[in-house]
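The values are calculated or read from the model by the stated rules, or taken from the named source; none is laboratory data. Remember, predicted model here, so these are calculated numbers, not experimental data. Methodologically, a virtual Cβ is constructed for each residue, glycine included, from the backbone with ideal geometry; neighbour enumeration extends over all protein chains shown.
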Amino acid sequence: MSFDNDRARALWARTTVRVWPDAVILASLPVERAAEAASLAGRASPGFVALIVERDEVSLTVPEALWRSEPLRRDASAEAGPFRVITFDLGLDLEVCGYLGPAAVALASAGVPIVPQCAYRTDHLLVASEKLDAAVAALDALVAQARATG
């Protein structure tokens, strides 16, 4: 694996790969259900939650156990998972270019599909639960390479 630039390599050398303890579900809901989705997201804390409201859909990522018993589930047009959430525990400047690229390449090489979900200061990936071990191994190798070449 090669890094696009020295800054990305230096950031990966400082990255800690963190796996959230609970499996999550990614669901697609009609925009008319945005308020209910936001309420559910609030109830899911402190678990991993992501809520994206777009023109055509609401995408909601919530802990699987909560979703399975949620009445809002019947309004979902699609759901996928269970996924596990991997967080790159490193505060990133919004001006950074090329940070996520090496992870995407390493995971693709390991046969691990990803669903990126980025926050203001950290990046997160959803990976299928059964691919978690392969994903963590690939990412740990990426971090080790960055540290060795730094």
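Things worth noting here:
- Residue list for the range 105-150, restricted to those being among the small types (G, A, S), outside any loop (DSSP other than H, G, I, E, B) and at pLDDT 95 or above: A106, A108, S109, A128, S129, A134, A135, A137, A138, A141, A144
- Scan of the range 95-104 for residues that are modelled with pLDDT of 90 or more and out of contact with any helix residue (DSSP H, G or I) (no Cβ under 8 Å at 6 or more places or on another chain), ordered by number: L100, A104
- From R18, R55, R68, residue being surrounded by fewer than 16 Cβ atoms within 10 Å (Cβ to Cβ), of a type in the set (K, R) and within 18 Å of the chain's Cα centre (by Cα): R18
- Filter result (modelled with pLDDT under 95, of a type outside the set (S, T, Y) and exposed (fewer than 15 other Cβ atoms within 10 Å of the Cβ)) within the range 39-52: G42, R43, P46
- Just one of the numbered conditions (1) closer than 22 Å to D6 by Cβ; (2) free of Cβ contacts under 8 Å to residues at least 40 places away in the same chain is not true of E57: (1).
- The residues listed here are L126, L107, L142, L132; of these, the one that is in contact (Cβ under 8 Å) with a residue 40 or more places away in the chain and either basic (K, R) or touching a helix residue (DSSP H, G or I) at 6+ places or on another chain (Cβ under 6 Å) (or both) is L142.
- Filtered residues of the range 95-109 (kept if within 21 Å of G81 (Cα to Cα) and crowded, with 17+ Cβ neighbours inside 10 Å): A103, L107
- Residues that are out of contact with any Asp or Glu (no Cβ under 9 Å at 6 or more places or on another chain), small (G, A, S) and assigned to a strand (DSSP E or B) within the range 1-60 comprise A50, S59, listed in sequence order.
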